Structure formats: structure tokens, C-alpha cells
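Student: Take this structure first; my questions come after.
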Amino acid sequence: MSGPGGVVPARRRGLADEVADRVRDAIFGGAYPPGAQLREVELSAALGVSRGPVREALLRLEREGLVRSEWHRGATVTTLSDEDVAELDSLRAALEQLAVRLVIATATDAELTAIDQVVERMERARDEHEMVGCDIDFHDAVYAASGHRRLNEAWQAIRSQVYLFLLTRIGVESEGYLTCVPAEHRQLSDALRARDRDTALDLFAAHRGEAFDVLIGRRRQPAKP
């Protein structure tokens with residue numbers, strides 16, 4: 001039934017939102033790796049909710065790019081193809097270049113300090129999954145410091161997929177990850193604070209390129225006999 005002015009009353013989706021948050025956190029925490037099945041019956045039992053909110057939550061996660069649904073398999077955690085990785089990398093590069101330029105031109109000391117504080121958390125991270133979360137938080141802080149609302153919204157649109165990209169990266173190779181990543185981000189943060197645009201752009205590009213090369217390069221290596 002339509003409300004005033006012919007507008008259909010909105011449905012409350014709080015429960016579906018909460019289920020989506022729980023499932024997303026489980027994916028990011030490594031409980032459901034890429035390719036894992038997400039069965040409505042099991043999720044509804046684990047979360048103590050009916051299948052309706054679970055179904056809505058999975059649709060939301062599918063829109064984020066975290067979940068894929070196929071009629072013969074149901075919902076699974078997205079497995080990124082080489083094409084997915086390349087597209088994410090190129091889009092992230094375009095967004096990040098603008099963000100870096102804006103941060104260097106306009107960021108306040110408080111915003112730069114917020115970026116520094118994420119690096120300090122990275123230096124205390126205890127495992128790879130915690131480090132990936134800090135990595136995403138670092139880029140959240142960079143986009144927030146850009147002061148560009150639509151740019152930040154564009155980042156949020158691919159954020160979950162970039163998170164999945166980084167989880168896939170540590171699944172391919174995690175050796176040295178805990179020691180190298182904080183040092184890389186310290187360099188990024190220092191370049192932003194120094195407002196050294198060219199150095200910052202080069203460092204951000206190298207940082208993206210290293211993850212891309214690990215993921216694509218390792219996948220394309222011939223299997224050992």
C-alpha cells in the first residue's frame with residue numbers, strides 16, 4: 001500500500017544489515033575464504049535469525065562484490081580472477097592518485113596524525129588478518145583526509161573488494177608480510193606529512209604494484225613438479 005504522495009513505505013532492514021555486518025566480518029577474519037559456500041540454513045542457525053534476513057544480507061554482500069551467487073552452487077565468497085585483480089588495481093590507482101594529491105595540498109595536521117596513528121597500529125599487529133584490517137584503515141584515513149566526498153564514496157564502493165584482494169594476496173604469500181607492510185606504510189605516511197607529492201605518488205604506486213605482482217605473478221608461476 002502506498003503512503004502519502006504515492007511513496008511506498010520503507011521496510012526496516014536493520015536485522016539484514018546486522019547479518020551482513022557479521023558475515024562480512026567473518027569473511028574479513030578468514031572464517032570464509034574465497035570460494036567458500038555461504039549456506040542460508042547454516043548462517044541462519046549460527047546467527048539465530050530466519051533465512052529472510054540472511055538472504056537479504058547475502059544480496060547486499062553480492063552488490064559489494066564480496067559474494068557471488070550461481071543457481072547450481074548458491075552463494076560463495078568471491079574468488080578474484082586475474083581480470084578482477086587487474087581492474088581493481090587500475091581503478092584503485094586512479095582514485096589513489098587523486099587522493100594523494102589532495103591530501104598533500106589540503107590535509108590538516110590532525111588528519112595527517114590520524115594516518116600516522118594507523119601506521120602505529122600496524123606496527124603492533126599480531127597476525128596477517130589484523131594487518132590487512134589496518135592496511136584498509138590506512139587507506140580509509142587517506143581518503144578521509146582528501147576532503148573529497150565523492151572520491152571517498154568511490155573508494156567505499158570498492159573497499160570490500162580491495163579488502164578481498166588483500167586477503168587473497170596473503171593467501172598466496174604471507175612470508176615477510178608482517179614486517180614489510182608497516183615499513184612501507186611508514187614511508188607513505190612520512191611522504192604525505194612532508195607534502196612531497198612526487199615521492200608520495202611513486203611510493204603509493206610501488207606499494208600497489210608489489211601486491212599486484214605477488215598475486216598475479218605467483219598465480220602464473222608453473223607448478224613445481
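Here, each number is a calculation from the coordinates, and none is a lab measurement. Nothing here was measured: the structure is a model prediction, and the numbers come from that model. All Cβ positions, glycine included, derive from the backbone under ideal geometry; neighbour counts span all protein chains shown.
Student: With unit charges on the beta carbon (Lys/Arg positive, Asp/Glu negative), name the residue among 50, 77, 102 whose Cα is farthest towards the positive pole of the charge dipole of the chain.
Tutor: The one lying farthest along the dipole's positive direction is 50.
Student: For region 101-185, what is the charge dipole size about the Cα centre, in debye to the nearest 20, if Lys and Arg each add +1 at the Cβ and Asp and Glu each add -1 at the Cβ? Intermediate results must be reported in sequence, preceding the final value.
Tutor: Working: 8 positive and 15 negative charges, 83 e Å.
Dipole of region 101-185, to the nearest 20 debye: 400 debye.
Student: Turning to a different aspect of this structure: What trypsin sites (Lys or Arg not before Pro) in region 58-100 are in a loop by DSSP, with at most 10 other Cβ atoms within 10 Å of the Cβ?
Tutor: When the trypsin sites (Lys or Arg not before Pro) of region 58-100 are filtered for loop state and at most 10 Cβ neighbours within 10 Å, 73 remain.
Student: Taking amide H positions as placed in the peptide plane 1.01 Å from N, state which residues far from residue 67 in sequence (5 or more) or on other chains have amide H under 5 Å from it.
Tutor: The list, which skips near neighbours in sequence, is 62, 78.
Student: Turning to a different aspect of this structure: To the nearest 500 deg cm²/dmol, what mean residue ellipticity at 222 nm is calculated for the chain from DSSP H runs of n ≥ 4 alone, each contributing -39,500 (n - 2.57), summed and divided by the residues?
Tutor: -24000 deg cm²/dmol
Student: How far, in nm, would the chain grow between residue 213 and residue 37 when pulled straight, counting 0.36 nm per residue and subtracting the alpha carbon separation?
Tutor: My answer for the length gained is 60.6 nm.
Student: Here's a follow-up. For a quick check: sort 199, 168 by the number of other beta carbons within 10 angstrom, fewest at the front.
Tutor: 199, 168
Student: Under the Karplus relation 6.51 cos²θ - 1.76 cosθ + 1.60, θ = phi - 60°, what is the ordered set of whole-Hz ³J(HN,Hα) values for region 68-76, x standing for Gly and Pro?
Tutor: 10, 10, 10, 4, 9, 10, x, 8, 9
Student: Using only the alpha carbons of region 82-220, determine the length spanned along each of the three principal axes and report them from longest to shortest in whole angstroms.
Tutor: That works out to 41, 31, 24 Å along the principal axes.
Student: Taking the convex hull of the alpha carbon atoms in region 4-77, what volume per residue do you get, in Å³?
Tutor: 105
Student: Multiply the residue separation of residue 172 and residue 201 by 0.36 nm, subtract the distance between their alpha-carbon atoms, and state the gained length in nm to one decimal.
Tutor: Extra length from residue 172 to residue 201 when fully extended: 7.8 nm.
Student: Rg and Dmax of region 137-218, using alpha carbons, in Å: what are they?
Tutor: When restricted to the Cα atoms of region 137-218, Rg and Dmax are 13.5, 37 Å.
Student: Right, here's the next one. Rounded to the nearest 20 Debye, what is the dipole magnitude of the chain about its Cα centre when Lys and Arg each give +1 and Asp and Glu each give -1 at the C-beta?
Tutor: Rounded to the nearest 20 debye, it is 820 debye.
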